[in-house]
Amino acid sequence: MLSFFWFFFYDEKIYNFRVLNCDVYLRRLLMIRLSKSILSQDEVDAVAKVILEDGYLGMGKEVQFFENELSSYLENTPVACVNSGTAALHLALQALGVGFGDEVLVPSFTFLATYQAISSTGATPVSCDVNPSSGLLELSEIDKLVTKKTKALVYVHYASRCGHLKALYEKTKQYGLRVVEDAAHSFGCRYEGKKIGSFGDVTCFSFDGIKNITSGEGGAIASNDLEVMNKVRDSRLLGIHKDSEKRYLGQRSWDFDVTEKGWRYHMSNIMAAIGRTQLKKLDNNFALKRKEFYKLYSNALANVSGLKLLGDEFDSKQDIVPHIFPIRILNKKRDQLKKIFEENEIQAGIHYKPNHLLTFYSRGEETSLPATEALYEEILSLPLHPELTAKKIEFIIGLIKKSLL
Ligand SMILES: *Cc1c(COP(=O)(O)O)cnc(C)c1O
């Protein structure tokens, strides 16, 4: 009863209430979260159907349906589902023949998962610097860092942007590099009218709990390269030839052959049931909310001194469904602002700690990526998820303006 009462006042906008109350439970309840899974009875019903009616929890028809729906969402690009975005990246690289002794170019400014996926193949990630205004790979880094050992490049769609994809593909073609797009932030986004995942070399998505859609955990690989897709379909099931097709028919492979390394990375029917339900809500619900809140932030913060929004001249070619909303806080005030956020029960994030600064990935002291390191000091991600409200965002904006005065 009490908590209901507080909630009521909260949404009626007496925000400072939150600061006054010291009850830990209530504070948590009133906290504005950085990100959030948006789930309802629909997902519960879909999972219940798999459990009670189908009775088969592993990889079966439900996964096949999800893949078909994803494929038509991505303009009929073949799709294979796996149990995480990290697994998607790992299998995509393996299918491109990336392995021991190879080098893979990758922006340091990404989630650790991108790096660990490269390491999983046995290859070495080669850290590249980013463009400070967008957080995207600086294309001139390719010319600088490519060697005879370079086999592929992982391109990260940081904060759902893709920058100058055309120039990227021209350059990688020139060097004979394959490209894996880490589009974990970009499910549902478009570049020049085309869906991300429908035209690239190999594109990987993540459906973990807080991404644009979730399947619990989960991920997918999309590519028009059928050889890559066949390899990925086998390698997610321990490398067993054509086991995917058998499972879609509710059968198992007893007599089989294996010609390559494989993993237990397949998606389960339970995950697919959640994912299918979420996919139906993306365009007409989640995406609209994300875009609306993104716009509120962008419009209000565009001309605030002491901070900078991310972006570049290629933004106009894109229609993005924003996954996170990072901004640059200038004049060394980022940590101070983050603290003020915390005092006001607002979660903020730092996407990301550059990977070349981690012990495992620092390749000696010579690795210095000035733009990435500078951006890391400035970056702060503001709350962004479909269950925010305009009022909460106005409160956050007000707090930022007041704090940066
Ligand atoms: C989430 C994410 C991944 C990994 O996805 P998981 O499903 O969590 O394994 C990879 N790269 C980036 C940029 C991500 O944000």
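Please work out which residue is surrounded by the most Cβ atoms within 10 Å (Cβ to Cβ), limiting yourself to the range 89-117 and to residues that are assigned to a strand (DSSP E or B) and either aliphatic (A, V, I, L, M) or within 15 Å of the ligand (Cβ to nearest atom) (or both).
Taking the candidates together, the pick is Pro107.
Answer yes or no as to whether Ile327 is over 24 Å from Arg27 (Cβ atoms) and in contact with a strand residue (DSSP E or B) (Cβ under 8 Å, 6 or more places away or on another chain).
Values: over 24 Å from Arg27 (Cβ atoms): yes; in contact with a strand residue (DSSP E or B) (Cβ under 8 Å, 6 or more places away or on another chain): yes.
It is true that Ile327 is over 24 Å from Arg27 (Cβ atoms) and in contact with a strand residue (DSSP E or B) (Cβ under 8 Å, 6 or more places away or on another chain).
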Counted residues in the range 158-198 being in a loop (DSSP other than H, G, I, E, B), within 18 Å of Thr110 (Cβ to Cβ) and touching a helix residue (DSSP H, G or I) at 6+ places or on another chain (Cβ under 6 Å) come to 4
Residue check for Leu279: open to solvent by less than 70 Å² (accessible area, probe 1.4 Å), of a type outside the set (Asp, Glu), farther than 26 Å from Asp182 by Cα and within 23 Å of the chain's Cα centre (by Cα)
no
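Please indicate, with yes or no, whether at least one residue in the range 200-218 is assigned to a loop (DSSP other than H, G, I, E, B) and more than 20 Å from the chain's Cα centre (by Cα).
First, the residues of the range 200-218 that are assigned to a loop (DSSP other than H, G, I, E, B): 200-201, 207-218.
Next cut, more than 20 Å from the chain's Cα centre (by Cα) only: none.
No: zero hits.
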For Ala374, the lone unmet condition from (1) part of a helix (DSSP H, G or I); (2) without any contact (Cβ under 8 Å) to a residue 12 or more places away in the chain is (2)
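Sort out which residues of the range 299-323 are part of a loop (DSSP other than H, G, I, E, B) and crowded, with 19+ Cβ neighbours inside 10 Å, and write them in order of number. Talk me through it step by step, then tell me what you get.
Restricting attention to the range 299-323, the residues satisfying the condition of being part of a loop (DSSP other than H, G, I, E, B) are 302-306, 310-314, 320-323.
Answer for the range 299-323, where residues must be part of a loop (DSSP other than H, G, I, E, B) and crowded, with 19+ Cβ neighbours inside 10 Å: Leu310, Ile320, Val321, Pro322, His323.
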Residue count, the range 48-88, condition buried (at least 19 other Cβ atoms within 10 Å of the Cβ) and either free of Cβ contacts under 8 Å to residues at least 40 places away in the same chain or in a helix (DSSP H, G or I) (or both), comes to 11
Restricting attention to the range 123-138, does a residue exist that is open to solvent by less than 20 Å² (accessible area, probe 1.4 Å), over 20 Å from the mean Cα position of the chain (by Cα), closer than 18 Å to Val202 by Cα and modelled with pLDDT of 95 or more? yes
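Tell me which residues, restricted to the range 203-244, are β-branched (Val, Ile, Thr) and away from the ligand (no atom under 14 Å from the Cβ). Quick ask: steps written out before the conclusion?
Let us first name the residues in the range 203-244 that are β-branched (Val, Ile, Thr), namely 203, 210, 213-214, 221, 228, 232, 240.
Result: Val228, Val232, Ile240.
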Checked pairs for the range 204-219, first more than 20 Å from Met59 (Cα to Cα) and modelled with pLDDT of 95 or more, second of a type in the set (Phe, Trp, Tyr) and more than 8 Å from the ligand (Cβ to nearest atom), C-beta under 9 Å and 6 or more apart or across chains, list as Lys211/Phe187; Lys211/Phe205; Asn212/Phe187; Asn212/Phe205; Asn212/Phe286
So, first residue closer than 18 Å to Asp54 by Cβ in the range 237-252, second residue among the hydrophobic types (A, V, I, L, M, F, W, C) and part of a loop (DSSP other than H, G, I, E, B), Cβ within less than 9 Å, six or more apart or across chains; the pairs are Ser244/Met59; Lys246/Phe256; Arg247/Met59; Tyr248/Met59
Going through (1) at pLDDT 95 or above; (2) more than 16 Å from the ligand (Cβ to nearest atom); (3) open to solvent by 40 Å² or more (accessible area, probe 1.4 Å) one by one, Ser120 fails only at (2)
If you go through Ile196, Ile210, Ile221, the only one that is open to solvent by 10 Å² or more (accessible area, probe 1.4 Å) and on the phi < 0 side of the Ramachandran plot is Ile210
By residue number, the members of the range 339-361 that are assigned to a helix (DSSP H, G or I), buried (at least 18 other Cβ atoms within 10 Å of the Cβ) and more than 22 Å from the chain's Cα centre (by Cα) are Phe341
Checked against (1) modelled with pLDDT of 95 or more; (2) under 24 Å from the mean Cα position of the chain (by Cα), Glu313 satisfies every condition except (1)
From the option list Leu93, Leu137, single residue qualifying as within 16 Å of Leu153 (Cβ to Cβ) and touching a Cys at 6+ places or on another chain (Cβ under 7 Å) is Leu137
With the first residue restricted to the range 149-166 and required to be surrounded by 24 or more Cβ atoms within 10 Å (Cβ to Cβ), and the second required to be part of a strand (DSSP E or B) and basic (Lys, Arg), Cβ contacts under 9 Å at 6 or more apart or on different chains are Ala152/Arg178; Leu153/Arg178
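The values are calculated or read from the model by the stated rules, or taken from the named source; none is laboratory data. Here the structure is a predicted model, which is why all the values come from computation and not from measurement. Cβ coordinates were reconstructed from backbone atoms using ideal geometry, including for glycine residues, and neighbour counts include every protein chain displayed. We work out accessible area using only protein heavy atoms, side chains counted, and drop any ligands, DNA or RNA first. Shrake-Rupley method; radii C 1.70, N 1.55, O 1.52, S 1.80 Å.
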